[in-house]
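J.: Structure in C-alpha cells, see below.
The values are calculated or read from the model by the stated rules, or taken from the named source; none is laboratory data. For clarity, every value in this text was computed on a predicted model and none was experimentally measured. Neighbour counts are summed over all protein chains in view; Cβ atoms, including those assigned to glycine, are modelled from backbone coordinates with ideal geometry.
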Amino acid sequence: MTILKIAVATALLSIAALGQAAEPVRITIETGKPGAVINKDVYGQFAEHLGSGIYGGLWVGPDSPIPNTRGWRNDVIGALKNLHVPLVRWPGGCFADEYHWREGIGERRSRPVKVNTNWGGVTESNAVGTHEFFDLVDQLGADAYVNGNLGSGTAQEMAEWLEYMTADSTSTLAELRRKNGHNAPFKVKYFAIGNEAWGCGGNMTVQHYADLYNQYASFLKTPKEDTPQLIAAGGHDDDTSWSDYLSAHIHEQWNMHFDAVSFHYYTLPTGIWEKKGQATGFPEEQWISTLKNTLRIDTLIKNNVAKLDKNDPKKKLAFNVDEWGTWYDVEPGTNPGFLFQKNTLRDAVVAALNFNIFHAHADRVRMTNIAQMVNVLQSMIVTDNDKMLLTPTYYAYQMYVPFQGATSLPLHVEHNAEYRFGKLSIPAISASAARSADGKLLVSVVNTNPEKTADVVLDMPVQKLNGQLLTAPRMDSLNTFEQPDQVHPVPYSITAVKGKMVLTLPPKSVVVLTAQ
Ligand code: AHR
C-alpha cells in the first residue's frame, strides 16, 4: 500500500470512528422480562478481628467515654443503619480458622488473652465474642453470618458452637447460653465451614477440603426451622477448580446440608500482590487498571457459574462472593498487619461496578460481603479515637439501598463508548436496572471515564427519574477528618423532553435513579 493509500484509509477509519462516537449511548431496559430477585444479602458486610476493624472501630467497650450501647459505638452503628446493612460476616477471614468460640463467652474479664497471629501479632482480648456479635447484628437490624473454624478446630468444637447458638433444648450448652444472658436461641442465617482452605485456612487441596466439609457438616445439628445456610469455602481469582469439585462432590444427605460455594476476589491496581499500588496519588494508568481489574469479576463469576450449572443445573447452590473489594499498599506509617487504606472516589466507582455485575448474576450470586466494614481495606467508615468519617464507598452503598430485594431487569447498552488510556480500554458506561419491591423502576449508571462527560439515552417507560449523583474533582478525592464532606452524593433528577430521557453523566461518576 502506498503512503497516500494508507493516509486515505486512516482518515476514513477516523471518520468512521467519529461517526460512531457521535451516536449517544443508549440503554434499553426490558421492563417486561423480570429476572432474579437481587437478594438484599448481596449488600452484606464483613467484620473481622483485624486491625481496628472491630476493636476501636466498632467496639469500644461499655466503660468507654465514647458514647456506646453495651460496648458498640453509637456513631458508627447509627451511620451503618443508614446503609440498611442486611448481613454481617464474623469473626473472619483468616482469623476464623484460629478462633475458639469458648474463649469468647462468659465474664469478659476472665476470657483468655491471645495473640492475633494473622493480623499484626497484637493482643486479642476476646472481649467481642458470640453474645457481643449477636448484639451488634441486633443493633444494626442485620442477619448473622458466622464463619466456623475448620483449620484449627475440631468437628466437635464446631458442632458445639452451633448447638450453643441455636439449641432451644435443655442441653447443657443451651443452658450455658441462657446463663450467659441469652434465653432465646440466636438466629444464624449463614454458617461457613472454614475460610480460604487453599491458603490461611489450612493450605489444603480441594479434595481434602471436600472430605472435611462432608465430615464436619454431618455433625452440625440445629433445630429444623432454624437451620443456617451452610457454605463451603471455595476458590479465588481465576481458579474455578474449587467451584467445580465442590459442586460435584458434596451432596446433601439426610443429615447434612450444602447451600453455597463461596469465592474471594480482590481488586489490585497492578494485579501484583507484592506491589499492589497506592490508595491515593495514583496516576490515571492505575485508575483504568483498577477498574479493568474489578470488571474481571464478571468473567470470573461466569466461569465459576458455568461449573455450578454443569453440576447443579437446578440452581440450588448459591455462588457467594463473601470477600471482595480493593486492596492497596498499606498506608505508610500504619501497622502493615492492620490493612488500613484510604478510600477515594475510585473506591466508590469500583463498588458501583461490582454492584451492577452482581445484579446481572442475581440468580446465583445471592450474598456478598465487602472487605471490610470499618477501618480495614475498602471500608465504609474510618475512625480515629472518638472521630468518625464516611468514605466514598459508604455513599455508594447508601445510593444503592433501593436495589436491595428488587427484581433485576435485563438491559442492553448500545453504542457504548470506550474509555482508553495507554494500552488499556474499558467500556465507558456500566448500568443496571431493577424493579423495587414497591413496583418502582430503578436504574444505576456509572461513567468510568475520568475526563469525559457521557450523554446516555434511557429507553424506559417513564417521564421522570429522581435520585443521587456521586462524583468529585479528582480521581483520588476523599473525605478526611478535617474535610469530611469532600465526597458525598448530591440530588439528581431528569425529566423526559419530547418523550426522551437523556442522562448527562459527569466524568468519573455514579448515578442511581428511581422512577417517579
Ligand atoms: O480480608 C482480609 C483477608 O483476606 C481475610 O482474612 C482473608 O480471608 C483474605 O485473604
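J.: I'd like to check something: does the stretch 304-320 contain any residue that is within 15 Å of the ligand (Cβ to nearest atom), over 22 Å from residue 388 (Cα atoms) and either not charged (D, E, K, R) or not in a helix (DSSP H, G or I) (or both)?
T.: Within the stretch 304-320 (the criterion being within 15 Å of the ligand (Cβ to nearest atom), over 22 Å from residue 388 (Cα atoms) and either not charged (D, E, K, R) or not in a helix (DSSP H, G or I) (or both)), the answer is yes, since at least one residue qualifies.
J.: Does residue 350 satisfy the condition of being touching a helix residue (DSSP H, G or I) at 6+ places or on another chain (Cβ under 6 Å) and within 16 Å of the ligand (Cβ to nearest atom)?
T.: yes
J.: Counting residues that are at pLDDT 95 or above, closer than 30 Å to residue 31 by Cα and of a type in the set (Val, Ile, Thr), which strands (runs of 3 or more DSSP E) fully inside the stretch 329-440 reach at least 1? Don't jump to the end; show me each part of the working.
T.: Details: elements: 368-371, 381-384, 387-390, 407-409, 411-414, 418-421, 424-427, 429-435.
Answer list for the stretch 329-440: 368-371, 407-409, 411-414, 424-427, 429-435.
J.: Checking residue 107 against (1) away from the ligand (no atom under 16 Å from the Cβ); (2) in contact (Cβ under 8 Å) with a residue 12 or more places away in the chain; (3) acidic (Asp, Glu), which test does it fail?
T.: Going through the list (1) away from the ligand (no atom under 16 Å from the Cβ); (2) in contact (Cβ under 8 Å) with a residue 12 or more places away in the chain; (3) acidic (Asp, Glu), residue 107 breaks only (2).
J.: Considering only the stretch 78-89, I want to know if a residue exists there that is without any contact (Cβ under 8 Å) to a residue 24 or more places away in the chain, of a type in the set (D, E, K, R) and more than 16 Å from the ligand (Cβ to nearest atom). Spell out how you get there, then give the answer.
T.: Looking only at the stretch 78-89, we keep the residues that are without any contact (Cβ under 8 Å) to a residue 24 or more places away in the chain, and these are 78.
Then drop every residue that is not of a type in the set (D, E, K, R), which leaves none.
For the stretch 78-89, residues without any contact (Cβ under 8 Å) to a residue 24 or more places away in the chain, of a type in the set (D, E, K, R) and more than 16 Å from the ligand (Cβ to nearest atom): absent.
J.: If we scan the stretch 408-425, do we find a residue that is surrounded by fewer than 18 Cβ atoms within 10 Å (Cβ to Cβ), touching a Ser or Thr at 6+ places or on another chain (Cβ under 7 Å) and within 27 Å of residue 342 (Cβ to Cβ)?
T.: Yes, there is a match, as at least one residue in the stretch 408-425 is surrounded by fewer than 18 Cβ atoms within 10 Å (Cβ to Cβ), touching a Ser or Thr at 6+ places or on another chain (Cβ under 7 Å) and within 27 Å of residue 342 (Cβ to Cβ).
J.: Out of the residues in the stretch 123-172 that are within 15 Å of residue 89 (Cβ to Cβ) and of a type in the set (Phe, Trp, Tyr), state the one that is surrounded by the most Cβ atoms within 10 Å (Cβ to Cβ).
T.: The selected residue is 145.
J.: So, residue 285, is that one surrounded by fewer than 18 Cβ atoms within 10 Å (Cβ to Cβ), touching a Gly at 6+ places or on another chain (Cβ under 8 Å) and not basic (Lys, Arg) or not?
T.: yes
J.: Return only the number of the condition from (1) among the small types (Gly, Ala, Ser); (2) within 20 Å of residue 130 (Cα to Cα); (3) more than 16 Å from the ligand (Cβ to nearest atom) that residue 243 does not satisfy.
T.: (2) is the only condition that residue 243 fails.
J.: Of all residues in the stretch 460-494, how many are over 21 Å from residue 388 (Cβ atoms), at pLDDT 95 or above and among the β-branched types (Val, Ile, Thr)?
T.: Within the stretch 460-494, residues that are over 21 Å from residue 388 (Cβ atoms), at pLDDT 95 or above and among the β-branched types (Val, Ile, Thr) number 3.
J.: For the stretch 144-240, which helices (runs of 4 or more DSSP H) that fit wholly inside it have 3 or more residues that are aromatic (Phe, Trp, Tyr)?
T.: Values: elements: 155-166, 172-179, 206-218.
The helices (runs of 4 or more DSSP H) meeting that bar are 206-218.
J.: Only one of (1) within 16 Å of the ligand (Cβ to nearest atom); (2) among the small types (Gly, Ala, Ser); (3) in a loop (DSSP other than H, G, I, E, B); (4) buried (at least 17 other Cβ atoms within 10 Å of the Cβ) fails for residue 120. Which number is that?
T.: (4)
J.: Filter the stretch 475-510 down to the residues that are surrounded by fewer than 17 Cβ atoms within 10 Å (Cβ to Cβ) and either of a type in the set (A, V, I, L, M, F, W, C) or touching a helix residue (DSSP H, G or I) at 6+ places or on another chain (Cβ under 7 Å) (or both) and list them by number.
T.: 481, 488, 490, 496, 497, 502 - these are the residues of the stretch 475-510 that are surrounded by fewer than 17 Cβ atoms within 10 Å (Cβ to Cβ) and either of a type in the set (A, V, I, L, M, F, W, C) or touching a helix residue (DSSP H, G or I) at 6+ places or on another chain (Cβ under 7 Å) (or both).
J.: Only one of these conditions is not met by residue 301: (1) surrounded by fewer than 22 Cβ atoms within 10 Å (Cβ to Cβ); (2) in contact with a Gly (Cβ under 9 Å, 6 or more places away or on another chain); (3) under 18 Å from residue 237 (Cα atoms). Which number is it?
T.: It is condition (2) that residue 301 fails.
J.: What pairs come up if the first residue lies in the stretch 290-301 and is part of a helix (DSSP H, G or I), the second is of a type in the set (Asp, Glu), and their beta carbons are under 8 Å apart, counting only those six or more places apart or on different chains?
T.: 300/237; 300/238
J.: Within the set of pairs 6+ apart or on separate chains, which have a first residue in the stretch 312-336 that is closer than 30 Å to residue 360 by Cβ, a second that is of a type in the set (Asp, Glu) and away from the ligand (no atom under 16 Å from the Cβ), and C-beta atoms under 8 Å apart?
T.: Final answer for the pair search is 315/309; 315/363; 316/259; 317/259; 318/259.
J.: Cβ-Cβ below 8 Å, separation at least six or inter-chain, first residue in the stretch 359-377 and near the ligand (Cβ under 10 Å from one of its atoms), second assigned to a strand (DSSP E or B) and of a type in the set (Lys, Arg): which pairs?
T.: Note: pairs meeting the criteria are 369/89.
J.: Let me ask you something else. Among the candidates 93, 148, 71, 141, which residue alone is at positive phi, within 16 Å of the ligand (Cβ to nearest atom) and either among the β-branched types (Val, Ile, Thr) or modelled with pLDDT of 95 or more (or both)? Full working, then the answer.
T.: On the way: 148 fails: at positive phi; 71 fails: within 16 Å of the ligand (Cβ to nearest atom); 141 fails: within 16 Å of the ligand (Cβ to nearest atom).
Just one listed residue meets the conditions, 93.
Residues are listed down the side, and each one gets a yes or a no for (1) under 28 Å from residue 300 (Cα atoms); (2) among the polar types (S, T, N, Q); (3) at pLDDT below 95:
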{"position": "162", "(1), (2), (3)": "no, no, no"}
{"position": "182", "(1), (2), (3)": "no, no, no"}
{"position": "196", "(1), (2), (3)": "yes, no, no"}
{"position": "204", "(1), (2), (3)": "yes, no, no"}
{"position": "212", "(1), (2), (3)": "yes, no, no"}
{"position": "216", "(1), (2), (3)": "no, no, no"}
{"position": "225", "(1), (2), (3)": "no, no, yes"}
{"position": "254", "(1), (2), (3)": "no, no, yes"}
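J.: Do the conditions hold for residue 179, that is, is it touching an Asp or Glu at 6+ places or on another chain (Cβ under 8 Å), farther than 27 Å from residue 378 by Cβ and surrounded by fewer than 16 Cβ atoms within 10 Å (Cβ to Cβ)?
T.: It is false that residue 179 is touching an Asp or Glu at 6+ places or on another chain (Cβ under 8 Å), farther than 27 Å from residue 378 by Cβ and surrounded by fewer than 16 Cβ atoms within 10 Å (Cβ to Cβ).
J.: Considering only the stretch 102-128, state which residues are closer than 18 Å to residue 192 by Cβ and in contact with a Gly (Cβ under 7 Å, 6 or more places away or on another chain).
T.: Of everything in the stretch 102-128, just one residue is closer than 18 Å to residue 192 by Cβ and in contact with a Gly (Cβ under 7 Å, 6 or more places away or on another chain), namely 104.
J.: Filter the stretch 441-453 down to the residues that are closer than 17 Å to residue 348 by Cβ and not in a loop (DSSP other than H, G, I, E, B) and list them by number.
T.: 444, 445, 446, 447
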